[in-house]
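The values are calculated or read from the model by the stated rules, or taken from the named source; none is laboratory data. As the structure is a computational prediction, the values presented were derived from the model and not from experiment. FYI the Cβ positions are ideal-geometry reconstructions off the backbone, even for glycines, and counts take in every protein chain you see.
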Amino acid sequence: MLHRHIGWLASCLALCQLTSCALRLPEPKGPVQRVEVNRPSAKSSHASAAREPDVRIYLIATNIHTGVVLPFDWLVESGYRPPKNLGHPKYVTMSWGDRTAYVQQRWLTPWQVFDAFVIGTPSVMEIIPFDWDVVDVCHHQRIYQRLVPRERGPYAAAFLNHCARMDAAGDPVVIGRSSWGKGLLVDCSYKYYFPRICNVWTCQVLQACGVDVVPFRALAANWLIWQAESKRNGFEKIWNGD
């Protein structure tokens, strides 16, 4: 069934020239202001990293889906508003997609696929905290890494905040638990549909971090990886995936 879904997607790629304006999620007008935070039980490695001009980010990918792993303190100090009860991890892995797919945690039915790609469905952002090495946690995926300027933090924070639906207190609205790990699903303001899919969202996060990637060329996971590994971006592959 999955191969049929991918084949259907491939047949739709010709529409992209007509729908390229729909590829991008709406973006905030500018970066949020960086704020200083006092983090309880902060690790010495965190304090050391805070003095570095660059931070290390990660692109993770299966054959069809991509996400990012970002330093949590960098995001929070840059103005990111995390959901409550997420803790104080070293990293968060983030991805975006159709709400039903994340909530039911199994393959979509053909009708659900049609709704998600043609009609448009509610979306969620999955946020999973962890403190271990990225390869140890995401070993089932391909992993790529790169340093980005620390000053890009407010842009990344603004984009992530802008994607989340906030409650009256200004906190992201949580609708459930993550598909794995001890993370959360955050309700998002914008619909999921083709061609605005998970890999385009990942592409925009990378753009906010200062990476030179293009959403139209990120519809497939391998297309985004090709851009990331190009000479101009310099992502380095550090794990092939299990």
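Numerical summary
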quantity: Filtered residues of the range 192-215 (kept if closer than 22 Å to residue 82 by Cα and assigned to a loop (DSSP other than H, G, I, E, B)); calculated: 209, 210
quantity: Cross-chain or 6+ apart pairs with Cβ under 7 Å, the range 168-191 first and at positive phi and outside any loop (DSSP other than H, G, I, E, B), then buried (at least 19 other Cβ atoms within 10 Å of the Cβ) and among the small types (Gly, Ala, Ser); calculated: none
quantity: Residue 219 under 16 Å from the mean Cα position of the chain (by Cα), closer than 22 Å to residue 75 by Cα and of a type in the set (A, V, I, L, M, F, W, C); calculated: no
quantity: Lone unmet requirement of (1) out of contact with any helix residue (DSSP H, G or I) (no Cβ under 8 Å at 6 or more places or on another chain); (2) buried (at least 19 other Cβ atoms within 10 Å of the Cβ); (3) modelled with pLDDT under 85 for residue 108; calculated: (1)
quantity: Test result for residue 160, out of contact with any Pro (no Cβ under 6 Å at 6 or more places or on another chain), surrounded by 20 or more Cβ atoms within 10 Å (Cβ to Cβ), among the hydrophobic types (A, V, I, L, M, F, W, C) and modelled with pLDDT of 95 or more; calculated: yes
quantity: Condition check for residue 201: of a type in the set (A, V, I, L, M, F, W, C), farther than 16 Å from residue 58 by Cα and under 16 Å from the mean Cα position of the chain (by Cα); calculated: no
quantity: Pick from the range 28-82, criterion of a type in the set (Ser, Thr, Tyr) and farther than 30 Å from residue 101 by Cα, ranking: modelled with the highest pLDDT; calculated: 78
quantity: Unique residue being buried (at least 19 other Cβ atoms within 10 Å of the Cβ) and in contact with a Lys or Arg (Cβ under 7 Å, 6 or more places away or on another chain) when the list is 205, 137, 124, 186; calculated: 124
quantity: Matching residues, the range 137-146, being assigned to a strand (DSSP E or B) and not polar (S, T, N, Q); calculated: 142, 143, 144, 146
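Each row is one residue, and each column tells you yes or no for (1) outside any loop (DSSP other than H, G, I, E, B); (2) out of contact with any strand residue (DSSP E or B) (no Cβ under 9 Å at 6 or more places or on another chain); (3) under 21 Å from residue 62 (Cβ atoms).
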position	(1), (2), (3)
127	yes, no, yes
135	yes, no, yes
148	yes, no, no
154	yes, yes, no
159	yes, yes, no
